[in-house]
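Participant: I'd like to ask you about the structure that follows.
The values are calculated or read from the model by the stated rules, or taken from the named source; none is laboratory data. None of the values given here were measured: they were computed from a predicted structure. All Cβ positions, glycine included, derive from the backbone under ideal geometry; neighbour counts span all protein chains shown. Only protein heavy atoms, including side chains, enter the accessible area calculation; ligands, DNA and RNA are left aside. Shrake-Rupley method; radii C 1.70, N 1.55, O 1.52, S 1.80 Å.
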Amino acid sequence: MSEDQFFLYDDQEETNTRFVSFMGEAHRYDLAIMTTDRYYGKKIVLDLQGSHYAIIGQDDVEEPGYLEHVYNLTEVEAEELREFLRQVI
């Protein structure tokens, strides 16, 4: 590593990761949901097929247009994902 390298933080942490796949009416969802002590209780939700991810809490799930934007989904697809995330976030 360079002597000029500056880190804001460089931590390691144990996480719990849930892998889930389900088929909605409009889309297949393959997700990895990571639980960590960071991010004030929010979870890291990775879309494994679409290569998108976000740090999501309950407020984000309910934010109009948020899931559509982050995961590049239609309104119908986002509502399917929203219904699932309400159960796990």
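Participant: Scan segment 72-89 for residues that are open to solvent by 40 Å² or more (accessible area, probe 1.4 Å) and either within 18 Å of residue 38 (Cβ to Cβ) or in a loop (DSSP other than H, G, I, E, B) (or both) and jot them down. Before you say what the answer is, go through the steps one by one.
Facilitator: So the first thing to find is which residues in segment 72-89 are open to solvent by 40 Å² or more (accessible area, probe 1.4 Å), and the list is 72, 74-76, 79, 83, 86-87, 89.
Of everything in segment 72-89, those that are open to solvent by 40 Å² or more (accessible area, probe 1.4 Å) and either within 18 Å of residue 38 (Cβ to Cβ) or in a loop (DSSP other than H, G, I, E, B) (or both) turn out to be 72, 74, 89.
Participant: Counting only residues that are of a type outside the set (Asp, Glu) and either part of a loop (DSSP other than H, G, I, E, B) or open to solvent by less than 30 Å² (accessible area, probe 1.4 Å) (or both), how many does segment 45-57 have?
Facilitator: Pass one, segment 45-57, residues of a type outside the set (Asp, Glu): 45-46, 48-57.
Filter once more, keeping what is either part of a loop (DSSP other than H, G, I, E, B) or open to solvent by less than 30 Å² (accessible area, probe 1.4 Å) (or both): 45, 48-51, 54, 56-57.
Going through segment 45-57 one residue at a time, the tally reaches 8.
Per-residue answers, yes or no, for (1) out of contact with any Phe, Trp or Tyr (no Cβ under 7 Å at 6 or more places or on another chain); (2) within 18 Å of residue 86 (Cβ to Cβ); (3) free of Cβ contacts under 8 Å to residues at least 60 places away in the same chain; (4) open to solvent by 100 Å² or more (accessible area, probe 1.4 Å):
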site	(1), (2), (3), (4)
10	yes, no, yes, yes
30	yes, no, yes, no
36	yes, no, yes, no
41	yes, yes, yes, no
59	yes, yes, yes, no
64	yes, yes, yes, yes
70	yes, yes, yes, no
